[in-house]
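Undergrad: This is the structure I have questions about; it appears just below.
The values are calculated or read from the model by the stated rules, or taken from the named source; none is laboratory data. Because the structure is a prediction, the values reported are computed rather than measured. So basically every Cβ, Gly included, is an ideal-geometry build from the backbone, and we count neighbours across all protein chains shown. For the accessible areas, the whole protein counts, side chains as well, though only heavy atoms, and no ligand, DNA or RNA atoms are used. Shrake-Rupley method; radii C 1.70, N 1.55, O 1.52, S 1.80 Å.
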There are 2 protein chains.
Amino acid sequence: VHVKFGEASAMLAGDALQAMAFELLTPDDDAIPARQQAALCRLLARAAGSAGMAGGQAIDLASVGVALTERQLRQMHRLKTGALLQASVMMGAACGDVSAQAEAALMSYGAAIGLAFQVVDDMLDVTADSATLGKTAGKDADQDKPTFVSLLGLERAGVYAQELLAEALGALARSGLRDTQALQGLARRLVNRTC
Amino acid sequence: VHVKFGEASAMLAGDALQAMAFELLTPDDDAIPARQQAALCRLLARAAGSAGMAGGQAIDLASVGVALTERQLRQMHRLKTGALLQASVMMGAACGDVSAQAEAALMSYGAAIGLAFQVVDDMLDVTADSATLGKTAGKDADQDKPTFVSLLGLERAGVYAQELLAEALGALARSGLRDTQALQGLARRLVNRTC
């Protein structure tokens, strides 16, 4: 958008789309009970804001040229990409009627796949063919920006992604939910994707 | 913010603050009933998005160097500043228990003061001492951007602001609300301000 329409329009489009997300969650025709509407807005607002995506992006911005530890990198990505991915899981849960046990398990599941997504992204950034990934491979991996691959190496990053997948599947197994097939499949596809 | 911390940080701060607005409206301690939380988010989301502030700003952006009619200028400011000012009135109403009659009247009140705010802003931009206004007088009034003053002239803009004030006060008078003193005072202060 910023290349085709300019930076100002791109910023405005982002602002408008963020507002639209909350508008979609609050229809006035009672199709969604008010209690659910409020819960959905609450989850999205927290995940998008300073304790979520925007905060993670701010850390990312501040960490250019700074050496991050693996723990700091994890924390950054927990906020930057993890929070919204986790929120998308919890917003699904908020539309149903889940137990506290299931809710806790889904939180763990969401956190694990959120982090796994980023680890795999860093790996693909190094390994993937630029055509399949749709961007120039290695492009994000500038020396100034630490990635899971630059910190762990490619092989250990792959092991870490599989550990996170196991963590996600383990969380589903102890959730007490009857049917977790779709969520299992989502986690597997996310970790085993090649683009 | 963009001067002191850079554009990227300023954009992020805006994103984070927009999310925080929705977070503040959706506390999870039941201090605000869920039905009100949903209604507040609905009002804010619509007023901030493409049919409100962001949309008005986009029209503003697209209209640089383009001659706008008075009607088009009104429509732009209805969205750009009016929608959020109107929403702030309606969000107050949503926290109470107002009749449909009062709601319609408050909508008119909010629209009138929203537009009046902008008309007075355009006037102050030409007349105010730069020290009192806190910005350089005439700064916004570049030839490329039509204002109510550039379209109507200073005198007729002043008449228009008073008409809008009368419209706002008239709406309150027919609202059926018991005590509208504060809202009357707000409208008067907004129109008769000198900075």
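Undergrad: Do the alpha carbons of any pairs in B:LYS4/B:LYS145; A:LYS4/B:LYS145; A:LYS4/B:LYS4 sit beyond 25 Å of each other, and which pairs?
TA: Details: B:LYS4/B:LYS145 27 Å; A:LYS4/B:LYS145 23 Å; A:LYS4/B:LYS4 28 Å.
B:LYS4/B:LYS145; A:LYS4/B:LYS4, as the Cα separations exceed 25 Å there.
Undergrad: Normalised by the empirical 2.2 N^0.38 Å for globular proteins, what value does the Cα Rg of chain A take? Walk me through the numbers on the way to the answer.
TA: Details: Rg = 18.1 Å, N = 195, 2.2 N^0.38 = 16.3 Å.
For chain A, the normalised Cα radius of gyration comes out at 1.11.
Undergrad: Does anything in the stretch B:9-25 have its amide N under 19 Å from the 7 Å Cα→Cβ label point of A:ALA13, and if so which residues?
TA: B:11-12, B:15
Undergrad: Let me ask something else about it. As a test of reading the structure, rank A:THR69, A:THR81, B:THR26 by solvent-accessible area (1.4 Å probe, protein chains only), most first.
TA: Order by accessible area, largest first: A:THR69, A:THR81, B:THR26.
Undergrad: Here's a follow-up. Please sort B:109-121, B:47-59, A:86-98 by packing, taking for each peptide the average over its residues of neighbouring beta carbons within 10 angstrom, highest first.
TA: Highest mean packing first, the order is B:109-121, B:47-59, A:86-98.
Undergrad: Oh, and also: Per-residue HN-Hα couplings for the stretch A:85-95, Karplus 6.51 cos²θ - 1.76 cosθ + 1.60 at θ = phi - 60°, whole Hz, x for Gly and Pro?
TA: 5, 4, 4, 5, 6, 5, 5, x, 4, 5, 7
Undergrad: Highest GNM mean-square fluctuation, chain A, Cα pairs closer than 10 Å: which of A:GLN75, A:GLN184, A:GLN18?
TA: Result: A:GLN18 has the largest fluctuation of those listed.
Undergrad: A further question follows. Report, to two decimal places, the Cα Rg of the stretch B:32-132 normalised by 2.2 N^0.38 Å (N = number of residues). Write down the numbers at each step before the final one.
TA: On the way: Rg = 15.6 Å, N = 101, 2.2 N^0.38 = 12.7 Å.
Ratio of Cα Rg to 2.2 N^0.38 Å: 1.23.
Undergrad: Once you put a point 7 Å from the Cα of A:ARG35 and another 7 Å from the Cα of B:SER99, both along the Cβ direction, what distance in nm separates them?
TA: Each label point lies 7 Å from its Cα, and together they span 3.2 nm.
Undergrad: Roughly to the nearest percent, how much of the accessible area of chain A is carbon and sulfur, given a 1.4 Å probe? Provide the component values of the computation, followed by the final result.
TA: Values: 5740 of 10300 Å².
Here carbon and sulfur together make up 56 percent of the probe-accessible area.
Undergrad: What percent does the relative contact order of chain A come to when contacts are Cα pairs within less than 8 Å and at least six residues apart?
TA: Working: 216 pairs, mean separation 37.8, N = 195.
Relative CO of chain A lands at 19 percent.
Undergrad: Can you compute 3J(HN,Hα) from phi for each residue in the stretch A:104-120, using the Karplus curve 6.51 cos²θ - 1.76 cosθ + 1.60 with θ = phi - 60°, rounded to whole Hz and x for Gly and Pro?
TA: 4, 5, 5, 4, 5, 4, x, 5, 5, 6, x, 6, 4, 3, 6, 4, 5
Undergrad: Report the label-to-label distance for B:VAL159 and A:VAL1 in nanometres (one decimal), using points 7 Å from each Cα along the Cα→Cβ vector.
TA: Simple spin-label model gives 4.2 nm for this pair.
Undergrad: Then there is this: In what order, largest first, do A:LYS145, B:LYS80 sit by accessible area if the probe radius is 1.4 Å? Could the numbers behind the result be given before it?
TA: Values: A:LYS145 70, B:LYS80 45 Å².
Ranked list, largest accessible area first: A:LYS145, B:LYS80.
Undergrad: Net charge within 13 Å of B:ALA10 by Cβ-Cβ distance, Lys/Arg positive one each and Asp/Glu negative one each, not counting B:ALA10 itself? Don't skip to the end; give the middle numbers.
TA: Numbers: positive: B:LYS4; negative: A:GLU7, A:ASP15, B:GLU7, B:ASP15.
Residues close to B:ALA10 contribute a combined charge of -3.
Undergrad: Within a 10 angstrom radius of each residue's Cβ in B:42-53, how many Cβ atoms of other chains show up on average? Whole number is fine.
TA: Mean partner-chain Cβ count within 10 Å for B:42-53: 6.
Undergrad: Can you list, bin by bin at 10 Å, the percent of alpha carbon pairs in the protein assembly as shown, starting at 0?
TA: Binned Cα distances yield the sequence 5, 18, 25, 23, 15, 10, 4, 0.
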